[in-house]
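Chemist: Have a look at this one.
The values are calculated or read from the model by the stated rules, or taken from the named source; none is laboratory data. Predicted model, so just to flag it, every value in this text is computed and none were measured. Note that each Cβ is placed from the backbone with ideal geometry, even for glycine, and that neighbours are counted across all protein chains shown.
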Amino acid sequence: MTERTPGGCLRILFADDESHLRELMQMELPRLGHDVTVCPDGMSALRALEKGSFDVALMDMRMPGLTGIEVLGKIRSICPETAVIILTGHATVDTAVQALRLGAFDYLTKPCKWAELESILSRVAERRDLTHKATVLENRLKQAEGAPLLVGDGPSMTSVRQLIDTIAPTDASVLILGETGTGKELVARNLHDRSQRHGGSFVPVNCGALPENLVESELFGHRKGAFTGAETSRKGLFEVANGGTLFLDEIGELNKSVQVKLLRFLESGEIRRVGENEPFRVDVRVLCATHRDLSEMINEDLFREDLYFRLNTFEIHLPSLRERREDIPFLASHMLKRYHRSQGPLPELTQATMDALQEHFWPGNVRELANAMERAVILAGGRPILPEHLPNFSGRRMSSQSAGSSVGQLMQSSGKTLISHSGHAPAGSNLTLRDVEMQFIQSVLEKHGGNKPFAAKELGISLKTLYNKINQLQNSGIIEE
């Protein structure tokens, strides 16, 4: 009897008119770690396929009503990902060739040896896992940003690495918090690579980038015809990550309906494809990340509190780059090596350049620094990197003045001072109260580098109210979407 391996469980549909064979399969296949559904004929097998998805369909050739060959043809049309194995006591070369030509995975003659069936099922599982890994590899190649290395020896990053070492070997859920660009996916990759799942798939997905009407399908999959445009059945990212880790970035962007399904998986280990009735189990560790304040979202009824507690077994907070300025020299040198692709010596980072890097506010955090260093390496062309090789940092330096600006110091627009140093709109400016409010909100957003929770806190309004104000700014053309 074969040993069950992580992600090796198959969902098997067995159809045969012999009751003793159905009883045997219903008893023995689960002992191998598989889920099995048995049917007495071809029509009931098709009805089962309408309710749920299967990795394998094991079909008797001769059954009342539809034959195994006829069911095979319909399965290839409805669920092309399902591997079909034809089983018969009346084997001929012609029927074997016919079955294989129609797309059967394999062909067994009754009475078959149990070891032969086990061998075929193992090959089905291997093919499925290879398909998953190929999909993951393709995604990694598209999203590759260099080796998963956490750079920085400051106290904050040292604490992060220590926490990763502690919780990586477990299957505990982890919530990674931090501003955009701080390296949340990098932390998730480190958690996966140092876990017992490192041989499995790491599947990252940006929830905010998924089309709202397709989020459920992307995560959980769908069957053919489940909605307009679903021309074939499709596996979701949970299935692709089976045996490995699914990283849900920007978890706060999921709507309440999908949050319920995610909570159900965390509680039961089961998912259900869109358009199917029967759930099935997958073996996936879920890691989540967000730059949003989930506690505030709970107060605004935008995020489920029970899901928050399920996700937050452990919490890792990534500091912004301006909170760990001691790491900027190490990060800059690391990125310099990454982007220097010529055979010559590494270009020098001058002191003036390093001073400019240290003074910048870094609203885009480590990602912004990476972009700045790539630009500088290209422009310097192997020569010492000077401040002029960096992006234009004017107006975005970190100082006591910019960190604590008063209302009267915040904004100028279109050549007119919107708010005077006394805190009042200048006489004759023809500005309405709404104009002043909108410009003030814009200035606070810019001050915090677009971080909406921080801006909402300084403005003294809820996050939901801030989003409504931002929509007004976008509709009025004051800021771009």
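Chemist: Which residue pairs have Cβ atoms closer than 6 Å, lie 6 or more positions apart in sequence or on different chains, and pair a first residue in the range 108-134 that is at pLDDT below 85 with a second residue that is β-branched (Val, Ile, Thr)?
Modeler: Cβ pairs passing all conditions: 132/240.
Chemist: While we're on this one: Select from the range 239-272 the residues that are among the hydrophobic types (A, V, I, L, M, F, W, C) and in a loop (DSSP other than H, G, I, E, B) and write down the one among them that is modelled with the lowest pLDDT.
Modeler: So the residue we want is 241.
Chemist: Now a separate question. Just to be sure before I move on: is residue 76 over 30 Å from residue 226 (Cα atoms) and either in contact with a strand residue (DSSP E or B) (Cβ under 7 Å, 6 or more places away or on another chain) or part of a helix (DSSP H, G or I) (or both) in the structure I sent?
Modeler: For residue 76, the condition - over 30 Å from residue 226 (Cα atoms) and either in contact with a strand residue (DSSP E or B) (Cβ under 7 Å, 6 or more places away or on another chain) or part of a helix (DSSP H, G or I) (or both) - is not met.
Chemist: Given the criterion in contact with a Phe, Trp or Tyr (Cβ under 9 Å, 6 or more places away or on another chain), modelled with pLDDT of 90 or more, farther than 30 Å from residue 10 by Cα and of a type in the set (Lys, Arg), identify the matching residue among 292, 304, 324.
Modeler: Unique residue meeting the criteria: 292.
Chemist: Looking at the range 331-375 only, could you name the residues that are in a helix (DSSP H, G or I) and of a type in the set (Phe, Trp, Tyr)? Show your work before the answer.
Modeler: Initially, the range 331-375 is screened for residues in a helix (DSSP H, G or I), giving 331-339, 351-359, 365-375.
Result: 339, single match.
Chemist: In the range 257-286, what residues are in contact with a Leu (Cβ under 6 Å, 6 or more places away or on another chain) and either over 23 Å from residue 466 (Cβ atoms) or of a type in the set (Val, Ile, Thr) (or both)?
Modeler: Result: 263, 284, 286.
Chemist: Going by what's in this entry, would residue 338 be described as at pLDDT 90 or above and either surrounded by 14 or more Cβ atoms within 10 Å (Cβ to Cβ) or more than 17 Å from residue 183 (Cα to Cα) (or both)?
Modeler: no
Chemist: If you don't mind, there's one more thing I want to ask. Those residues that are within 18 Å of the chain's Cα centre (by Cα), surrounded by fewer than 20 Cβ atoms within 10 Å (Cβ to Cβ) and outside any strand (DSSP E or B), I need them from the range 293-330; list them, please.
Modeler: 308, 310, 312
Chemist: Quickly run through the range 425-459 and pick out the residues that are modelled with pLDDT of 75 or more and of a type in the set (Gly, Ala, Ser).
Modeler: Within the range 425-459, 443, 449, 450, 455, 456 meet the criteria.
Chemist: Name the residues in the range 81-102 that are part of a loop (DSSP other than H, G, I, E, B) and surrounded by fewer than 14 Cβ atoms within 10 Å (Cβ to Cβ), would you?
Modeler: Within the range 81-102, 89, 90, 92 qualify.
Chemist: Condition (residue is in the same structural domain as residue 267 (by TED's automatic domain parsing) and within 17 Å of residue 292 (Cβ to Cβ)) applied to the range 223-235: is it met by at least one residue?
Modeler: Within the range 223-235 (the criterion being in the same structural domain as residue 267 (by TED's automatic domain parsing) and within 17 Å of residue 292 (Cβ to Cβ)), the answer is no, since none of the residues qualifies.
Chemist: Which one is surrounded by the fewest Cβ atoms within 10 Å (Cβ to Cβ), of the residues in the range 277-289 that are within 22 Å of residue 13 (Cβ to Cβ) and in contact with a helix residue (DSSP H, G or I) (Cβ under 6 Å, 6 or more places away or on another chain)? Talk me through it step by step, then tell me what you get.
Modeler: Quick first cut of the range 277-289, residues within 22 Å of residue 13 (Cβ to Cβ) only: 277-283.
Then keep just the ones that are in contact with a helix residue (DSSP H, G or I) (Cβ under 6 Å, 6 or more places away or on another chain); that gives 277-278, 282.
Numbers: 277: 9, 278: 16, 282: 20.
So, considering only residues that are within 22 Å of residue 13 (Cβ to Cβ) and in contact with a helix residue (DSSP H, G or I) (Cβ under 6 Å, 6 or more places away or on another chain), the one surrounded by the fewest Cβ atoms within 10 Å (Cβ to Cβ) is 277.
Chemist: Give me the pairs: first residue in the range 335-357 and without any contact (Cβ under 8 Å) to a residue 24 or more places away in the chain, second residue hydrophobic (A, V, I, L, M, F, W, C) and in a helix (DSSP H, G or I), beta-carbon distance under 8 Å, and six or more apart or on different chains, which are they?
Modeler: 346/336
Chemist: Is there any pair linking a residue in the range 152-177 that is closer than 10 Å to residue 314 by Cβ to one that is assigned to a helix (DSSP H, G or I) and of a type in the set (Phe, Trp, Tyr), with Cβ under 9 Å and at least six apart or on different chains, and which?
Modeler: 175/308
Chemist: For the range 360-386, how many residues meet the condition of being more than 28 Å from the chain's Cα centre (by Cα), within 22 Å of residue 318 (Cβ to Cβ) and touching a residue at least 40 places away in the same chain (Cβ under 8 Å)?
Modeler: 1
Chemist: Also, quick follow-up: Please specify each residue of the range 18-45 satisfying the condition of being in a helix (DSSP H, G or I), more than 35 Å from the chain's Cα centre (by Cα) and not charged (D, E, K, R).
Modeler: Step one: list which residues in the range 18-45 are in a helix (DSSP H, G or I), which gives 19-32, 42-45.
Now restrict to residues that are more than 35 Å from the chain's Cα centre (by Cα): 19-28, 42-44.
19, 20, 21, 24, 25, 26, 27, 42, 43, 44, listed by residue number.
Chemist: Keeping to the range 46-73, report how many residues are outside any loop (DSSP other than H, G, I, E, B) and under 19 Å from residue 273 (Cβ atoms).
Modeler: The number of residues fulfilling the criteria is 8.
Chemist: Right, something else. How many of the residues making up the range 278-296 are touching a Ser or Thr at 6+ places or on another chain (Cβ under 9 Å), of a type outside the set (Asp, Glu) and over 20 Å from residue 171 (Cα atoms)?
Modeler: Total meeting the criteria: 2.
Chemist: Of the conditions (1) among the small types (Gly, Ala, Ser); (2) out of contact with any Pro (no Cβ under 8 Å at 6 or more places or on another chain); (3) within 30 Å of residue 50 (Cα to Cα), residue 332 fails just one. Which one is it?
Modeler: The single condition residue 332 does not satisfy is (3).
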